[in-house]
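One structure is given below, encoded as structure tokens.
The values are calculated or read from the model by the stated rules, or taken from the named source; none is laboratory data. Keep in mind the model is a prediction, meaning the values are calculated, not measured. All Cβ positions, glycine included, derive from the backbone under ideal geometry; neighbour counts span all protein chains shown. Accessible surface areas use protein heavy atoms only, side chains included; no ligands, DNA or RNA. Shrake-Rupley method; radii C 1.70, N 1.55, O 1.52, S 1.80 Å.
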Amino acid sequence: MNQRIGIDVGGTNTDAVLVDANGVVGAIKSPTTVDVTSGVRGALTELINSIGPSAKQVDSVMIGTTHFVNAVVQRKDLNKIAALRVTLPGSASLPPLVDWPKDLARVVNGGSYFISGGNEFDGQQVVPLDEDAVVKAAQSIRDSGITSVGITASFSPLSSACEDRVAEIISHECPGIRITCSHALGRIGLLERENATLLNASLLDLATNTTDAFRKALDDVGITAPLYITLNDGTVTSSELARKFPVYCFASGPTNSMRGAAFLSGLQDAIVCDVGGTTADIGCLVNGFPREANNVVEIGGVRTLFRMPDLISIGIGGGTMVRENPLGVGPESVGFRLLEEARVFGGSQLTLTDVAVASGLMDVGDKTQISDLPETLFTAALATAHQKISLTIDQIKTDSQDVPMIAVGGGAPLIPEKIPGISEVHRVPFHGVANAVGAAIAQISGEADQVFQDFTRDDALAAALEIAIENAVKSGADRQSIKIIEMEDLPIAYLPGHAIRARVRVVGDIAAKPKEC
Amino acid sequence: MSEVKEQVLQIDDIEAMAVGTWILGTGGGGSPYLNLLNIRELYAAGRRVTLKDPMTLPDDALVAVLSSQGAPLIGQERLADSAMALKPLRIMEEYLGRKFDALMPVEIGGGNGLHAIMVAAATGLPAIDADAMGRAYPEAQMTSFAVANLQCYPLAISDIRDNEVIIHKAHSWKWMERASRKVCTEFGSQASTCKAPRSGKEVRDHGILYTCNKAISLGEAVLKARKKHTNPVDAILDECQGSRIFTGKVTDVERRTTGGFLRGRTVLEGLGTNTKEKFSLDFQNEFSVGSQNGEAIVMTPDLICVVDSISGEGIGTESIRYGQRVDVLVLPAPEIFLSPRGLELVGPRAFGFDFDYQSYFKDQK
């Protein structure tokens, strides 16, 4: 492996690591700042100081960020959007944003426009596209000052012509407006595809600002290597693509943490428990990859069809508040104010960090601040935390045999040694920066998505697979390590002959010597 | 069954019913989610649904039998719409010159179970606690009413445009299926229908009774298990006296939308106790036959339900996909389909398979 810097920009800390073929070369943790650039610049400067100026000569920088998912969860930094739904006379009783949490919908809703048009499954028009209505909608959007629109037409994954035409009219009427078309983002499933499209549209300002800030931070410290942003599936994309499709970067945090845990422990199949400041995220590694959630995945309460790791989050972390009389542990957390509010740091709030220090599991802050803490209290609080973690592990587990577990995250000492159903708890070096390690070792993907004519289904899928593998290898993936992560086909009835749209996505490790692209 | 003759459904009942109907849909009938969303909107606007015990129906009551007909894949792109769903009911009233007293779903399984509840919420008509399948099936003649040889016409069918058709008469249930399917296919493989109206006596004598409450109880059992962190799949088996046949991961799905249906096959690779084994499922909207290592071991009219191994949520033939971890369950068939006439209409041969029905449950004894 060549030299790569991995950065995880979390809500509390920004972690940075430098990884090469021999493993982790250096790692640092520094506080996240409101101003994105200075936080990343600070982390990079610290990393370079700890390793030496040669660290600037890395081959690539991969950043995993929780900015986008946090923006949705916290309903901030989102831009208002206009939704164009091209399905009339159908699908009228359920308007865009219908199943979004009300407060989130209020923040992003910049108007919905229903347009007659769209396709049937066989490519025919439902009714002709009402271009006049599109022009009227465009004028109204322009007048309202909205700068980002999402366009969703029925069956657009099979035929994008209708969405393309609407986009053409809108950009003609509203110069400079940013457009997200649903066919670029999703598969069959109009409402979920529209949700992803509108989430994406609402994140475009933030995506531009964030990726610009990342690039500037790299430039400021003198790193010229290409910048990649990590995606939900543990692979990376260029920062250019991340600017256009921020929704693809949503769940990269848990994926990075689990992939990092696999790398640090050398285990391919295990439970991973990542204890941070606010939550413990528990998931399952299968063949070195996070096990995916089966069905629909909700992000900030919005239903989508994204592939996401199957995780359970519980309110157990270093900042989790502990109450006395009666004893209560979480789920509230002091969050990023841990360094001010926890007792060992001179604050007045009893947290699980204090409990861990009192129990001798952690050595941070000033121990004398909690010398008055009764042993019965911290023992009981720790037992409660242990029990909550054990119960959740049992839920995520699908194997009746005992399985190993990897403990990562800054709060990993809170994880008990003995857990029912767990054969061994693996504690690994650099456990506190597993996220950043996961970003640094992110994989390369290759995709094929095209229509094959006069192919049998098996032949079409085989051809698509070959193209996807070649694309991955061209981008620098190691051929031997390539695995299929998605494979699907959609027969296209309206084209003559036997036509199939085949879509295959593969991922592979970075090849030892990167190929020239 | 419940002593209650009439109940006003609360939104929690309907949320539970959506979980239950999706499992009873045996892969078909489309996801109830979009119908549920419509009902949530209608409830938020103050509408309510009254569910009536079929035994309270007068002999001469006029009952509408409603469905959304077509290929489930289409329903994912053409969202359920209460205004479109009630059109054929109004067309039928105009045609008959008489108002309906109540309505019922043709099938409890999948979105169609809630389709009728949605129309009840939109029109104010009471819904009857019964259906004609006890599950979901793809074709018009696959109902308890057809098994009983009741009259199959007239039928009203309409689409999202202003296309409305009455089938005044049909020679048989199968001809009604052929004619209405042709119309449905032309309409874009999805249409709203109001099937041959039934009298109160016909519903009481030949309907499959109390299936709405069955779906609600099933959904409640699953939701309760999820809340208590017990196994929701076991809760389904307990509630419906079913068996788990296979646990595995989806490795292949082949589907095609032809003749107004979603047809295809999915292949699973075993996990846990089924490691190294293969299971395949054939479907025509619904799962019709399941084969382990190449041999058919479970078949219609037994209910073949594919559910998420963790949450117990139903998985449809239009949404099952590569990599999902699922349990395949079998639940006992409604008694009426086990008669010779029932098996003729819904046994494996009715789906083009060259073998006779073998009950999974008899095998196990």
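Among the residues of the range B:179-194, are any small (Gly, Ala, Ser), in a helix (DSSP H, G or I) and within 30 Å of residue A:122 (Cβ to Cβ)? Spell out how you get there, then give the answer.
In the first step, residues of the range B:179-194 are kept if they are small (Gly, Ala, Ser); the result is B:179-180, B:188-189, B:191-192.
From what's left, in a helix (DSSP H, G or I): B:179-180.
So of that shortlist, the ones also within 30 Å of residue A:122 (Cβ to Cβ) come out as B:179-180.
Yes.
Can you tell which of B:36, B:42, B:57 is at pLDDT 95 or above, under 16 Å from the mean Cα position of the chain (by Cα) and over 24 Å from residue B:177 (Cα atoms)? Even if it seems obvious, please write down each step before you answer.
On the way: B:42 fails: under 16 Å from the mean Cα position of the chain (by Cα); B:57 fails: under 16 Å from the mean Cα position of the chain (by Cα).
Exactly one residue qualifies, and that residue is B:36.
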Could you give me the residue pairs with C-beta distances under 6 Å whose first residue belongs to the range A:108-130 and is away from every other protein chain (no Cβ under 12 Å) and farther than 17 Å from residue A:194 by Cβ, whose second residue is among the hydrophobic types (A, V, I, L, M, F, W, C) and open to solvent by less than 30 Å² (accessible area, probe 1.4 Å) wherever it lies, and which are 6+ apart or on separate chains? A:129/A:162; A:130/A:115
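Out of curiosity, is residue B:234 at pLDDT 95 or above and open to solvent by 50 Å² or more (accessible area, probe 1.4 Å)?
Details: at pLDDT 95 or above: yes; open to solvent by 50 Å² or more (accessible area, probe 1.4 Å): yes.
Yes, satisfied.
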Do you know which of the residues in the range B:187-212 that are open to solvent by 10 Å² or more (accessible area, probe 1.4 Å) and within 14 Å of chain A (Cβ to nearest Cβ) is modelled with the highest pLDDT? B:192
Condition check: open to solvent by 50 Å² or more (accessible area, probe 1.4 Å), within 14 Å of chain B (Cβ to nearest Cβ) and either within 30 Å of residue B:319 (Cα to Cα) or without any contact (Cβ under 8 Å) to a residue 24 or more places away in the chain (or both). Does residue A:332 satisfy that? no
In the range B:327-356, what count of residues is obtained for those that are out of contact with any Leu (no Cβ under 9 Å at 6 or more places or on another chain), acidic (Asp, Glu) and within 30 Å of residue B:275 (Cα to Cα)? 2
Taking interchain pairs and intrachain pairs at least six residues apart, which have beta carbon atoms under 9 angstrom, with the first residue in the range B:279-298 and touching a residue at least 60 places away in the same chain (Cβ under 8 Å) and the second in a loop (DSSP other than H, G, I, E, B) and among the acidic types (Asp, Glu)? B:284/B:139; B:285/B:139; B:285/B:318
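Listed here are the residues, each with its yes/no results for (1) out of contact with any Ser or Thr (no Cβ under 6 Å at 6 or more places or on another chain); (2) away from chain A (no Cβ under 13 Å); (3) buried (at least 20 other Cβ atoms within 10 Å of the Cβ).
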| residue | (1), (2), (3) |
| --- | --- |
| B:287 | no, yes, yes |
| B:291 | no, yes, no |
| B:298 | yes, yes, yes |
| B:301 | yes, yes, yes |
| B:310 | yes, no, yes |
| B:316 | no, no, yes |
| B:319 | yes, no, yes |
| B:338 | yes, yes, no |
| B:347 | yes, yes, yes |
Can you pull out every residue in the range A:368-385 that is open to solvent by 20 Å² or more (accessible area, probe 1.4 Å), out of contact with any Lys or Arg (no Cβ under 9 Å at 6 or more places or on another chain) and assigned to a helix (DSSP H, G or I)? A:368, A:375, A:376, A:377, A:378, A:379, A:380, A:382, A:383, A:384
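Pick out, from the range A:394-467, the strands (runs of 3 or more DSSP E) lying fully within it that include 3 or more residues that are away from every other protein chain (no Cβ under 14 Å) and within 28 Å of residue B:253 (Cβ to Cβ).
A:444-453
Being in the same structural domain as residue B:12 (by TED's automatic domain parsing) and within 18 Å of residue B:115 (Cβ to Cβ): is that true of residue B:196 here? Spell out the reasoning first.
On the way: in the same structural domain as residue B:12 (by TED's automatic domain parsing): yes; within 18 Å of residue B:115 (Cβ to Cβ): yes.
Yes; evaluated as a whole, the condition is true for this residue.
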When you scan the range A:8-15, do you find a residue that is under 12 Å from residue A:214 (Cβ atoms), assigned to a strand (DSSP E or B) and among the aliphatic types (A, V, I, L, M), even just one? yes
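Might you check whether a residue that is within 17 Å of the chain's Cα centre (by Cα), assigned by TED's automatic domain parsing to the domain that holds residue A:284 and under 30 Å from residue B:321 (Cβ atoms) occurs anywhere in the range A:313-320? Step through it out loud before you land on a result.
Taking the range A:313-320 and keeping what is within 17 Å of the chain's Cα centre (by Cα), we get A:313.
Still in the list and also assigned by TED's automatic domain parsing to the domain that holds residue A:284: A:313.
Keeping just the survivors that are under 30 Å from residue B:321 (Cβ atoms) gives A:313.
Yes, the conditions are met somewhere in the range A:313-320.
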Condition met for residue A:135 (open to solvent by 10 Å² or more (accessible area, probe 1.4 Å) and more than 14 Å from chain B (Cβ to nearest Cβ)): yes
Taking the condition among the hydrophobic types (A, V, I, L, M, F, W, C), within 14 Å of another protein chain (Cβ to nearest Cβ), over 15 Å from residue B:29 (Cβ atoms) and touching a strand residue (DSSP E or B) at 6+ places or on another chain (Cβ under 8 Å), does residue B:121 pass? yes
With respect to the numbered conditions (1) assigned to a helix (DSSP H, G or I); (2) open to solvent by 10 Å² or more (accessible area, probe 1.4 Å), which one is the sole condition not fulfilled by residue A:176? (1)
When every residue in the range B:230-253 that is within 14 Å of chain A (Cβ to nearest Cβ) and touching a helix residue (DSSP H, G or I) at 6+ places or on another chain (Cβ under 6 Å) is compared, the one farthest from residue B:278 (Cα to Cα) is B:232
For the condition outside any strand (DSSP E or B) and either modelled with pLDDT under 90 or hydrophobic (A, V, I, L, M, F, W, C) (or both), what is the one hit in B:297, B:304, B:310? B:310
Would you check which residues across the range B:62-79 are more than 10 Å from chain A (Cβ to nearest Cβ), over 18 Å from the mean Cα position of the chain (by Cα) and either free of Cβ contacts under 8 Å to residues at least 40 places away in the same chain or crowded, with 21+ Cβ neighbours inside 10 Å (or both) and list them? B:63
Has the range B:244-255 got any residue that is modelled with pLDDT under 95, open to solvent by 60 Å² or more (accessible area, probe 1.4 Å) and more than 17 Å from residue B:65 (Cα to Cα)? yes
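Here's the yes/no breakdown for (1) open to solvent by 50 Å² or more (accessible area, probe 1.4 Å); (2) closer than 28 Å to residue B:232 by Cα; (3) among the acidic types (Asp, Glu):
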{"position": "A:390", "(1), (2), (3)": "no, yes, no"}
{"position": "A:397", "(1), (2), (3)": "no, yes, no"}
{"position": "A:403", "(1), (2), (3)": "no, yes, no"}
{"position": "A:414", "(1), (2), (3)": "no, no, no"}
{"position": "A:420", "(1), (2), (3)": "yes, yes, no"}
{"position": "A:425", "(1), (2), (3)": "no, no, no"}
{"position": "A:431", "(1), (2), (3)": "yes, no, no"}
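Please tell me if residue B:135 is over 20 Å from residue B:42 (Cβ atoms) and open to solvent by less than 10 Å² (accessible area, probe 1.4 Å). It would help to see each step written out before you state the result.
Numbers: over 20 Å from residue B:42 (Cβ atoms): yes; open to solvent by less than 10 Å² (accessible area, probe 1.4 Å): yes.
It is true that residue B:135 is over 20 Å from residue B:42 (Cβ atoms) and open to solvent by less than 10 Å² (accessible area, probe 1.4 Å).
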Do you know which residues across the range A:237-295 are open to solvent by 50 Å² or more (accessible area, probe 1.4 Å), more than 14 Å from the chain's Cα centre (by Cα) and more than 26 Å from residue A:78 (Cα to Cα)? A:263, A:266, A:268, A:269, A:286, A:287
Checking A:54, A:60, A:50, A:93 in turn, the sole residue that is farther than 30 Å from residue B:256 by Cα, out of contact with any Leu (no Cβ under 7 Å at 6 or more places or on another chain) and surrounded by 17 or more Cβ atoms within 10 Å (Cβ to Cβ) turns out to be A:60
Boolean, residue B:50 is over 27 Å from residue A:100 (Cα atoms) and either within 14 Å of another protein chain (Cβ to nearest Cβ) or among the polar types (S, T, N, Q) (or both): yes
